[in-house]
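J.: Structure incoming, see below.
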2 protein chains.
Amino acid sequence: MAKQISMPVIRRLPRYHRFLSELESQGVERISSNQLASIMRSTASQIRQDLNCFGGFGQQGYGYPVSQLKEEIGKILGLDKKFNAILLGAGNLGKAVATHMNFSRQGFELTAVFDKSEEIVGTMLRGITIMSDDEIERYCHENKIDAAFLCLPRNSVKPLIDKLYSLGIKNFWNFSHYDIKNDYKDVIVENVHMSDSLMTLCYRINESYNN
Amino acid sequence: MAKQISMPVIRRLPRYHRFLSELESQGVERISSNQLASIMRSTASQIRQDLNCFGGFGQQGYGYPVSQLKEEIGKILGLDKKFNAILLGAGNLGKAVATHMNFSRQGFELTAVFDKSEEIVGTMLRGITIMSDDEIERYCHENKIDAAFLCLPRNSVKPLIDKLYSLGIKNFWNFSHYDIKNDYKDVIVENVHMSDSLMTLCYRINESYNN
């Protein structure tokens, strides 16, 4: 059983899960904290400290059992759950997210997609017929929805967030730059800020050219 | 002039830039560290400490001049530069990235797009005719390329990374889960790990349901 795990450790777990999945697919059965540290560019002591939170793994001299550890981390993350999610915005970004992601590996099932464009509504995405934004309310009354994935332009977000919140949806995966937390304090939001990442790359390139 | 700024501060700068851009577009001319802290869900002392790195801003009682501060942060990030970038992979994800991002606001210009699919090569994306992967070498010899944006499936990355590295391209914006740093130590990589973000959301939802 997992003890209470701190948020910084939690935020590192998807990365452990990713590397362990890769090792598993390569047929690696056991790995030492030193080897894992080398692959993950971490330190063996950091890894031992993180993984000790789950207890019972990594006997001295035997290393960690890859599949078992991956499973355990998956359970802690809740990846064995199947949270129902709807996707808002089926433009290029929404399409990319819907086709690029697996969802079930991250604990979700995509059950519906909504868009406001008449040209897009009625077309198929990932085997799902895209519905009009007007149908969000009815759909969310008839189905238990755990989360909304927002692939909308910044300016379209606010009215939809208000609607979703009033329907009881408080968990968001947000690709827009709209700051949901400023409107609603009791929501859970994970933001994907692609432009922040690109600006950081710009800084690092610029700095490397100047040195 | 900016003093040496630590990497944790640098990583917060895109976020400052984003919030200041938003304030600027709302016509806000000056903002106090308290107001900025409230919007950014930070603390006034953290903000004063971060922004003191650039010196000369935020006189006591007058707050920060929004546009000037945004400009200064932009300069530190190098957003006034125009680094040439190529995009590899024009599937759904590549298309979404190419159409969704502005690039020039993040210090880049997208100059070419490559794909291996015969169906995609020759079509247009963002006003650019997509070229075949076979043309990467010629193109990078004829043009000075600063960075590559990788929107490829994990399995396609390795041979292309080897090629790009041999052509002198060492800066990557990476959407795949391929770990470039494990192959080449002297590259600059910013990864966008969408599935890590979604797994974290899964954990937080699961935890909120359990409490």
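The values are calculated or read from the model by the stated rules, or taken from the named source; none is laboratory data. If you're wondering where the values come from, they're calculated on a predicted model, not measured in any experiment. Don't worry about glycine lacking a Cβ; one is built from the backbone with ideal geometry, like all the others, and counts go over all protein chains shown. The protein model used for the area step is the full one, side chains on, heavy atoms only, and it has no ligands, DNA or RNA in it. Shrake-Rupley method; radii C 1.70, N 1.55, O 1.52, S 1.80 Å.
J.: Does at least one position in the stretch B:118-131 carry a residue that is touching a helix residue (DSSP H, G or I) at 6+ places or on another chain (Cβ under 7 Å), among the charged types (D, E, K, R) and farther than 30 Å from A:Ala85 by Cα?
T.: yes
J.: For the stretch B:79-91, enumerate the residues that are open to solvent by less than 60 Å² (accessible area, probe 1.4 Å) and facing chain A (nearest Cβ under 7 Å).
T.: B:Leu79, B:Phe83
J.: Hey, can you tell me all the residues within the stretch B:119-134 that are charged (D, E, K, R) and without any contact (Cβ under 8 Å) to a residue 12 or more places away in the chain?
T.: B:Glu119, B:Asp134
J.: Could you grab me the full set of residues in the stretch A:25-51 that are more than 9 Å from every other protein chain (Cβ to nearest Cβ), surrounded by fewer than 16 Cβ atoms within 10 Å (Cβ to Cβ) and of a type in the set (D, E, K, R)?
T.: Of everything in the stretch A:25-51, just one residue is more than 9 Å from every other protein chain (Cβ to nearest Cβ), surrounded by fewer than 16 Cβ atoms within 10 Å (Cβ to Cβ) and of a type in the set (D, E, K, R), namely A:Glu29.
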